[in-house]
Amino acid sequence: MSDMLNIGASGVRAYQSALTTVSDNIANAGTTGYARRTTGLAEIAAPSGAIQRQAVAGNGVMVTGTVRQADQLRSADVRSAATDLAKSETSITWLTGIESALTGNQLGDRLTEFFNSATTVASDPTASAPRTAMLGSASAVAGAFTATGKALDAINVDLDTTAETAVSQLNGLAATLAKVNEGISRTAPGTSSAAQLLDQRDQILDQMSAISDTSVSFDAAGRASVKLGNATGPVLVAGNDAGAVTYVRSDSGNVSFAVHRTGTVTGYVPQGGALAGVVDGAQRIADAKTQLAAVAKSFTDGVNAVQAQGRDLDANAGTAMFSATGTNVTLTLSDPRGIAAAAVGGGPRDNSNLTALATLRTSGAFESNTTQITANNAATLASRKQVAEAQTSIHDGAVSARDAVSGVNLDTEAVDLMRFQQAYQASSRVIQVARETLQSILDIR
């Protein structure tokens, strides 16, 4: 009878643990990062060297531990897909900002208005109203160049803030992961506490992969080591030790990242995640500003050259209309009479020098060049959006594949709940029968 009691008691204990695990799964069905758990059960083996009679059927059941349902390969697929998607989404953010900067100040329209106003002056070189209007258009062009450049500078400031925030988050995650690794090394495997730490570990790795591409490895205990970039990249986290990432922008506008750990500084170029999007965005902002500055220089130099070869309304040599430093353009001509419409030796009503301005408009292609900068950015933006849509589908598929293994299915849990409940009740009944039988035997005596 004692065998029946022991077997029944072992069943009650085991299935109580199984019911607790199922209840925990159901309660956390909607918890982000929670991996489904099961209770491992095994037959209690006979003591080593013990002689068992054939009549003895077994020794009951025991709990071998809490088993966490997770697939590291599928989790790695999710991290890889998240890294690619985060890079594209971050790039889209900066490309969208560049588009707004290039179109928001209507630089192309201002250039068109300037050259059209010169045509109006040519129709009546002595009239003051057209000259005043042309000077107003010139001021608008200068303002549009400057405002567009400042808008790009503002995007750079936002990019720096975003990069610094992302680096700070990455460093915080690295420090937390090191602490989790320490907790894993101190926690007995196969326990609920160990499963919770492993869940936390995988959530941290998912968040890190959205910031930078990572290469992750695990030791026998489940502690994670993280390298940034590929498998040959600098180590950020190893066991209980975590390094730190820094972000720097050079005077030329280039951005760079480095890992500081154990007294060593190692530079690295992120190929994925939000930081890779930052690198791409910084380069595209710099390119857009360089192209804009080239248009500004060509335009101002060209207009000033036309001014210098003509005569103003008072027969004086024309003076510079603009000055430019990069994308900052300033109108330096303040008197409408200073517009050099006439050629050398021409009279007040001569407009032949403005013909050179019309020629400059065609040869300089300022309007089309400005439009081309915007069009190229728009094409890249559209392409990135298409890539991001595909990557979103890939990421969603990877998450679904992972969750098929580690996610909680309430239908499955409901079946297990009924099964373990019946097993628990049956084990309780075994104990009751053993007691009743034992009591009957005692009553006979």
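The values are calculated or read from the model by the stated rules, or taken from the named source; none is laboratory data. What you see is a predicted model, and the numbers here were worked out from it, not measured in a lab. Glycine gets a Cβ as well: all are built from the backbone with ideal geometry, and neighbour counts include every protein chain shown. Surface accessibility is based on the protein's heavy atoms, side chains included, excluding ligands, DNA and RNA. Shrake-Rupley method; radii C 1.70, N 1.55, O 1.52, S 1.80 Å.
Data for the structure
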{"read-out": "In segment 178-207, the residues that are free of Cβ contacts under 8 Å to residues at least 60 places away in the same chain, among the aliphatic types (A, V, I, L, M) and buried (at least 18 other Cβ atoms within 10 Å of the Cβ)", "value": "Val180, Ile184, Leu197, Ile204"}
{"read-out": "Evaluation of Asn351 against (1) at pLDDT 95 or above; (2) outside any helix (DSSP H, G or I) (one fails), failing number", "value": "(1)"}
{"read-out": "From Ser393, Ser406, residue being farther than 30 Å from Asn6 by Cα and touching a strand residue (DSSP E or B) at 6+ places or on another chain (Cβ under 9 Å)", "value": "Ser406"}
{"read-out": "Residue within segment 249-262 that is within 24 Å of Thr161 (Cα to Cα), part of a strand (DSSP E or B), in contact (Cβ under 8 Å) with a residue 60 or more places away in the chain and basic (Lys, Arg) present", "value": "yes"}
{"read-out": "Some residue of segment 28-39 being modelled with pLDDT of 90 or more, charged (D, E, K, R), open to solvent by less than 70 Å² (accessible area, probe 1.4 Å) and in a helix (DSSP H, G or I)", "value": "no"}
{"read-out": "Segment 118-135, residues that are in a helix (DSSP H, G or I) and either of a type in the set (A, V, I, L, M, F, W, C) or closer than 12 Å to Ile339 by Cα (or both)", "value": "Ala118, Val121, Ala122, Ser128, Ala129, Pro130, Arg131, Thr132, Ala133, Met134, Leu135"}
{"read-out": "Filter result for Thr90 (among the β-branched types (Val, Ile, Thr), under 23 Å from Asn230 (Cα atoms) and in contact (Cβ under 8 Å) with a residue 60 or more places away in the chain)", "value": "yes"}
{"read-out": "Residue in segment 332-353 that is farthest from Gly302 (Cα to Cα), counting only those that are of a type in the set (D, E, K, R) and touching a Pro at 6+ places or on another chain (Cβ under 7 Å)", "value": "Arg349"}
{"read-out": "All positions within segment 230-248 that are surrounded by fewer than 20 Cβ atoms within 10 Å (Cβ to Cβ) and not in a loop (DSSP other than H, G, I, E, B)", "value": "Val235, Ala238, Asp241, Ala244, Thr246, Tyr247, Val248"}
{"read-out": "Hits in segment 60-113 - residues which are buried (at least 18 other Cβ atoms within 10 Å of the Cβ), touching a Phe, Trp or Tyr at 6+ places or on another chain (Cβ under 9 Å) and in a helix (DSSP H, G or I)", "value": "Leu107, Gly108, Arg110, Leu111"}
{"read-out": "Residue in segment 294-317 that is buried (at least 21 other Cβ atoms within 10 Å of the Cβ), within 36 Å of the chain's Cα centre (by Cα) and not in a helix (DSSP H, G or I) present", "value": "no"}
{"read-out": "Scope segment 403-445; condition under 30 Å from Ser75 (Cα atoms), open to solvent by 50 Å² or more (accessible area, probe 1.4 Å) and not in a helix (DSSP H, G or I); matching residues", "value": "Asn409"}
{"read-out": "Test result for Ala379, of a type in the set (A, V, I, L, M), at pLDDT 90 or above and under 30 Å from Ala144 (Cα atoms)", "value": "yes"}
{"read-out": "Boolean, Ala142 is in contact with a Ser or Thr (Cβ under 8 Å, 6 or more places away or on another chain) and in a helix (DSSP H, G or I)", "value": "yes"}
{"read-out": "Of all residues in segment 149-177 being within 20 Å of Ser100 (Cβ to Cβ) and touching a Lys or Arg at 6+ places or on another chain (Cβ under 9 Å), the one that is most open to solvent (accessible area, probe 1.4 Å)", "value": "Asp153"}
{"read-out": "Qualifying residue in segment 129-146 (condition: more than 30 Å from Arg349 (Cβ to Cβ), surrounded by fewer than 18 Cβ atoms within 10 Å (Cβ to Cβ) and touching a residue at least 12 places away in the same chain (Cβ under 8 Å))", "value": "yes"}
{"read-out": "Test: residue in segment 214-229 that is open to solvent by 40 Å² or more (accessible area, probe 1.4 Å), basic (Lys, Arg) and within 30 Å of Thr20 (Cβ to Cβ)", "value": "yes"}
{"read-out": "Leading residue by the ranking (most open to solvent (accessible area, probe 1.4 Å)) among those in segment 266-293 that are small (Gly, Ala, Ser) and not in a helix (DSSP H, G or I)", "value": "Gly267"}
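A quick yes/no check of all residues on (1) hydroxyl-bearing (Ser, Thr, Tyr); (2) closer than 30 Å to Arg311 by Cα; (3) at pLDDT 95 or above:
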{"position": "Ala358", "(1), (2), (3)": "no, yes, no"}
{"position": "Gly397", "(1), (2), (3)": "no, no, yes"}
{"position": "Asp403", "(1), (2), (3)": "no, no, no"}
{"position": "Gly407", "(1), (2), (3)": "no, no, no"}
{"position": "Thr412", "(1), (2), (3)": "yes, no, no"}
{"position": "Gln422", "(1), (2), (3)": "no, no, no"}
{"position": "Ile431", "(1), (2), (3)": "no, no, no"}
